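Heads up: the structure comes next, in structure tokens.
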Amino acid sequence: MPSPSPSPSAVTRLPRDSHDAPAGERPSARSRLFLPLIAVCTAVTAANIYLAAPLLPLIADDFGSTPSAVAWLASVAQLGYAAGLLFFAPLGDSVNRRRLVAVLSLVAAAALVAGAAAAGTGALAGAVLIASVATVVPQLLVPLVAERAPADRRARHVAAVIAGLFTGVVAARVLGGLIGQAFGWRVVFVGAAVLTAALGLATAFVLPVERRRRSGPLLAGLAALPSVVRRSPDLWRACVRQAGMYGAWSALWTSLALLLTGHGGDGYGMSTAAAGLFGLFGLASSAVAPLAGGLVDRFGAAKVVRSAYLLAAVSVPLFWLGGQVMAALCAAAVLVHAALVASHVANQTLALTTTSTPATANTAYVVAGFAGGALASALAGPAFGHWGWAGVCAVAGAWLLLGWAATAVPKR
């Protein structure tokens, strides 16, 4: 894989702390823990972004509001994550990742504790925003994983981290709903804070020791984002297509609690705990990620992305039917998660290998995806309030159409 550009930084690794053990030498415990711990840390930190979504009915009840009136909290988390990516993820090419991972994990944990103590939606939104800004640890680590992976297994290594990410998303919905129903939503926030601090510090410990000497401005990677995307049509296409895919998924998944817990024509009247269990269908993503990685390594990213978009297109009408038929909703949940993770593995592998500055390119890719997701979520809440579940499905379908149509003609 191409090495990062020498302009932002130069890197010197301490020889005995490298994970690349010399031939014939047994890998250290730190080396063996490298990929599994990064995957678990990714699961925990990714869960923070979606922590509020399954708890919206409980938060609304606590603050004397309605679930649709506080649905915007899910968008705050996604926008905060996108902002954190813009400022922190490009630093993976220029600063000491061990220190940055540790500091961001502690900041995110502190913000989650503050959120648990919030007395109103304004204070909670501020805490969620800060926690999400600091929850960028996975995207500091994915470029490192891709860099260290053998070329013929790179997509599979990236897929292992992505599987952890989506496992965290599922855990946020399932465990968050169950624990929130039993002990209250504030306990969920405190538990997430403890796990974030513990896993973040443990992950920082197993990372390679790096001595980075910056030769340019601290935010040089951020300033370089537009030119990096402009020079790489493959990166631009990956960014736009993932924004469409992630936006469609986000509109559906962040609004699902409103459908499952709602009453009357648009709702199944479930409890928060029962609605949270619906998130188990998201485990399809964790199962698909390794398979998608192997397919990308064998057939290339473009074919996998096309297949993923086809699956997502089939899932949208099934979601619409699922407003009345539970079996259709279950099938749609499996399909959309399979589509999202396959698209993500393919597009992120492409983003990480198409330029000489992988951390900066990865930042552009993930920011594009989360910006698309945040905007779709922001529209999905009002759409549900005005047109019910059909309005949410319309937003998802529009996002898929925009994501594919915008890249159908090759960018010169």
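Structure summary
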{"read-out": "Contacts under 9 angstrom Cβ, first residue in segment 332-349 being more than 13 Å from residue 166 (Cβ to Cβ), partner modelled with pLDDT under 90 and not in a helix (DSSP H, G or I), 6 or more apart", "value": "346/300"}
{"read-out": "Filtered residues of segment 103-130 (kept if over 18 Å from residue 63 (Cα atoms) and either at pLDDT below 90 or not in a helix (DSSP H, G or I) (or both))", "value": "none"}
{"read-out": "Restricting segment 283-314 to residues that are in contact (Cβ under 8 Å) with a residue 60 or more places away in the chain and under 15 Å from residue 248 (Cα atoms), the residue that is surrounded by the fewest Cβ atoms within 10 Å (Cβ to Cβ)", "value": "313"}
{"read-out": "Conditions (1) surrounded by fewer than 23 Cβ atoms within 10 Å (Cβ to Cβ); (2) over 20 Å from the mean Cα position of the chain (by Cα); (3) at pLDDT below 80; number of the one not met by residue 222", "value": "(2)"}
{"read-out": "The lone exception for residue 100 - which of (1) aliphatic (A, V, I, L, M); (2) within 17 Å of residue 359 (Cα to Cα); (3) not in a helix (DSSP H, G or I) it fails", "value": "(3)"}
{"read-out": "The lone exception for residue 90 - which of (1) under 17 Å from the mean Cα position of the chain (by Cα); (2) at pLDDT 85 or above it fails", "value": "(2)"}
{"read-out": "Residue within segment 205-213 that is surrounded by 17 or more Cβ atoms within 10 Å (Cβ to Cβ) and either among the acidic types (Asp, Glu) or on the phi > 0 side of the Ramachandran plot (or both) present", "value": "yes"}
{"read-out": "Single unsatisfied condition, residue 83 versus (1) closer than 24 Å to residue 365 by Cβ; (2) surrounded by 24 or more Cβ atoms within 10 Å (Cβ to Cβ); (3) not polar (S, T, N, Q)", "value": "(2)"}
{"read-out": "Sole exception among (1) buried (at least 21 other Cβ atoms within 10 Å of the Cβ); (2) at pLDDT 80 or above for residue 40, by number", "value": "(1)"}
{"read-out": "Residue 375 vs. criteria closer than 30 Å to residue 298 by Cβ and either crowded, with 24+ Cβ neighbours inside 10 Å or at pLDDT 85 or above (or both)", "value": "no"}
{"read-out": "Residues being among the polar types (S, T, N, Q) and closer than 17 Å to residue 80 by Cα - total across segment 44-70", "value": "2"}
{"read-out": "Contacts under 9 angstrom Cβ, first residue in segment 180-202 being under 19 Å from residue 125 (Cβ atoms) and among the basic types (Lys, Arg), partner part of a helix (DSSP H, G or I) and at pLDDT 90 or above, 6 or more apart", "value": "186/115; 186/116"}
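Results for (1) surrounded by fewer than 24 Cβ atoms within 10 Å (Cβ to Cβ); (2) out of contact with any Phe, Trp or Tyr (no Cβ under 8 Å at 6 or more places or on another chain); (3) more than 20 Å from residue 231 (Cα to Cα), shown as yes or no for each residue.
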site: 330; (1), (2), (3): yes, no, yes
site: 337; (1), (2), (3): no, no, yes
site: 351; (1), (2), (3): no, no, no
site: 368; (1), (2), (3): no, yes, no
site: 383; (1), (2), (3): yes, yes, yes
site: 393; (1), (2), (3): no, no, yes
site: 397; (1), (2), (3): yes, yes, yes
site: 402; (1), (2), (3): yes, yes, yes
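Each row is one residue, and each column tells you yes or no for (1) part of a helix (DSSP H, G or I); (2) of a type outside the set (Val, Ile, Thr); (3) within 22 Å of residue 46 (Cβ to Cβ).
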| residue | (1), (2), (3) |
| --- | --- |
| 347 | yes, yes, yes |
| 355 | no, no, no |
| 364 | yes, yes, yes |
| 367 | yes, no, yes |
| 391 | yes, yes, no |
| 394 | yes, yes, no |
| 400 | yes, yes, no |
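The values are calculated or read from the model by the stated rules, or taken from the named source; none is laboratory data. Quick caveat, the model's predicted, so the values are computed rather than measured. We place every Cβ from the backbone using ideal geometry, glycine too, and count neighbours over all the protein chains shown.
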